[in-house]
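I'd like to ask some things about the structure below.
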Amino acid sequence: MSLLSVSNLHVALGARPVLKDVSFEVTAGEFVGLIGPNGAGKSTLLRAALGLAPSRGRIAIGGDEGLSSRQRALRIAYLAQERDIAWPVSVEAVVALGRAPHGSAFSNAAAQDRRIIEQAMRRMEIAAFRDRQATQLSGGEKARVLIARALAQDAPLLLADEPASGLDPSHQIVLMRLFAELASEGRAVVASMHDLGMAARWCSRLILLDHGMIVADGAPRAVLTAERLRSVYGIEAHLGEAADGMIVQPLDIAAGVDAATTQSGKEQHDG
């Protein structure tokens, strides 16, 4: 079942083209890693899919176009790069906001809402501090709370922009395992990622962007080749195999590549 279909997508920020003729489809059961250098267009692509960035082309969510904000929120949960929590409310109250598209405020949440909220907190290992003010948490703890809020939305598709940012290694693994579980349950996850090792180990599919275009789309072993890592990232890397998946370990800047110029012509703030 198609959860997201993007066809001939073009996005420009001012006079600068950011995405050029991007087309792909995400189906139920996939954990898709959206990878590429800084400025490749990953964040813009996620925002365009949500209708948060002006674009040309076709975007269908669950086979439908022109959805209202509420209809879109019932089908897609979004985790932005920003990890700020502005209100001094409890962790549990923040997570409960994920139920808002379903018409449920925490004060009158039904039994099903409470079950989903509890499950989201348990999955992100934050139930123990449910009563703490969210503004008093560390950066990594805030990240886990906001991920739990997205999980509580219980949408078929989750779009996440650098979701592992700020997490310690153990919670990065918890998160990747969780995303893989969501896919195995029949949902889908599209996550922009910079850690190529994590992407290779956990994602079922990778979409590699460079200069606003898709340069590779497929299984990690097909996408992450030594030649492609040199041409797109300008790096040399160790590629290996482990019992449970591929190993990718960046080692050095590729010969003939100046690290200071690898981002030339790219927008640094659009991951």
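Below 8 Å, C-alpha to C-alpha, sequence gap of six or more: please give me the relative contact order for region 39-108 in percent. Don't skip to the end; give the middle numbers.
Numbers: 22 pairs, mean separation 13.9, N = 70.
So the answer I get is 20 percent.
Moving to a separate point now. For the chain, give the percent of accessible area contributed by carbon and sulfur heavy atoms, probe 1.4 Å, rounded to a whole number. All intermediate terms of the calculation are to be shown ahead of the outcome.
Details: 6150 of 12280 Å².
It is 50 percent, rounded to a whole number.
For region 216-229, in order, what is each residue's ³J(HN,Hα) by Karplus, 6.51 cos²θ - 1.76 cosθ + 1.60 with θ = phi - 60°, in whole Hz (x at glycine and Pro)?
Those phi angles translate into 7, 8, x, 5, x, 5, 7, 8, 8, 9, 4, 5, 6, 5 Hz.
Under a 10 Å cutoff between Cα atoms, tell me which one of V145, V95, V22 has the largest fluctuation in the Gaussian network model of the chain.
Highest fluctuation among the options: V22.
Starting from the Kirkwood radius over alpha-carbon pairs of region 1-139, derive D by Stokes-Einstein at 4 °C in a medium of 1.567 mPa s and give it in µm² s⁻¹.
Working: Rh = 17.3 Å.
Estimated via Stokes-Einstein, D reaches 75 µm²/s.
Give the label of the value calculated from the structure for semi-axes √(5λ) of the Cα gyration tensor in Å, choosing from (i) 29, 22, 17; (ii) 31, 22, 18; (iii) 40, 26, 16.
(ii)
Something else: What does the net charge come to around A12 if you take all other residues with beta carbon closer than 10 Å to its beta carbon, with K and R at +1 and D and E at -1? Show your work: numbers first, answer last.
Details: positive: R16, K20, R56; negative: none.
With Lys, Arg at +1 and Asp, Glu at -1, the net is +3.
Taking amide H positions as placed 1.01 Å from N in the peptide plane, with prolines and chain starts having none, which residues 5 or more places from D210, or on another chain, fall under 5 Å of its amide H?
So D210 has HN proximity to V215.
Which whole-Hz couplings ³J(HN,Hα) result when phi for each residue of region 35-48 is put into the Karplus expression 6.51 cos²θ - 1.76 cosθ + 1.60, θ = phi - 60°, listed in order with x for Gly and Pro?
Rounded to whole hertz, the list is 10, x, x, 3, x, 6, x, 5, 5, 4, 5, 4, 5, 5.
So how much slack lies between A15 and E185, counting 0.36 nm per residue of separation and subtracting their Cα-Cα distance, in nm? Don't skip to the end; give the middle numbers.
Values: separation 170, 0.36 × 170 = 61.20 nm, distance 4.20 nm.
That works out to 57.0 nm of additional length.
Taking only DSSP H segments of four or more residues, each worth -39500 (n - 2.57), what value at 222 nm results for the chain once the sum is divided by all its residues, to the nearest 500 deg cm²/dmol?
Values: 8 runs with 75 residues, N = 271.
Roughly -8000 deg cm²/dmol at 222 nm, from the helical runs in the chain.
Taking H placed 1.01 Å from N in the peptide plane, check which residues at least 5 places from T27 or on another chain put their amide H under 5 Å from its amide H.
Residues meeting the criterion, in which the H sits 1.01 Å from N, are L3.
So for the chain, averaging the separation of alpha carbon pairs under 8 Å that are six or more residues apart and normalising by length, what relative contact order in percent results? Show your work: numbers first, answer last.
Working: 547 pairs, mean separation 70.3, N = 271.
Once normalised by length, the contact order is 26 percent.
Let me make sure I get this right: for region 105-224, a, b and c are the square roots of the gyration tensor eigenvalues over alpha carbons, sorted descending. Under 1.5 in a/c it's rounded, otherwise prolate if a/b > b/c, else oblate. Which is it?
Numbers: a/c = 2.39, a/b = 1.76, b/c = 1.36.
Prolate is the answer for region 105-224, as a/c is 1.5 or above and a/b outweighs b/c.
For the chain, give the magnitude of the charge dipole about the Cα centre (Cβ charges: +1 Lys/Arg, -1 Asp/Glu; no others), in debye to the nearest 20.
On the way: 28 positive and 30 negative charges, 140 e Å.
Charge dipole of the chain: 680 debye, to the nearest 20.
Hand me the GluC sites (Glu not before Pro) from region 34-127 located in a DSSP loop with no more than 13 other Cβ atoms within 10 Å, in residue order please. Numbers along the way, then the final one.
Details: sites: E65, E82, E92, E118, E125; in loops: E65, E82, E125.
When the GluC sites (Glu not before Pro) of region 34-127 are filtered for loop state and at most 13 Cβ neighbours within 10 Å, E65, E82 remain.
For A243 paired with R177, estimate the spin-label separation in nm (one decimal), with each label point 7 Å from Cα along the Cα-to-Cβ line.
1.5 nm
While we're on this one: Cα centroids of region 133-197 and region 33-75: how far apart, whole angstrom?
One Cα centre to the other: 18 Å.
Could you work out the relative contact order of region 70-209? I mean the mean sequence separation of Cα pairs under 8 Å and 6+ apart, divided by the number of residues, in percent.
Details: 200 pairs, mean separation 42.4, N = 140.
In percent, rounded to a whole number, it is 30.
Just the number please: accessible area per residue for region 129-221, 1.4 Å probe, all protein chains included, in Å². Present the calculation step by step, with values, prior to reporting the outcome.
Working: 3350 Å² over 93 residues.
Normalised by residue count, the accessible surface of region 129-221 is 36 Å².
The values are calculated or read from the model by the stated rules, or taken from the named source; none is laboratory data. Quick caveat: nothing in here was measured; it's all calculated off a predicted structure. When we count neighbours, we look across all protein chains shown, and the Cβ atoms used for this are built from the backbone with ideal geometry, even at glycine. For accessibility, only protein heavy atoms count, side chains too; no ligands or nucleic acids. Shrake-Rupley method; radii C 1.70, N 1.55, O 1.52, S 1.80 Å.
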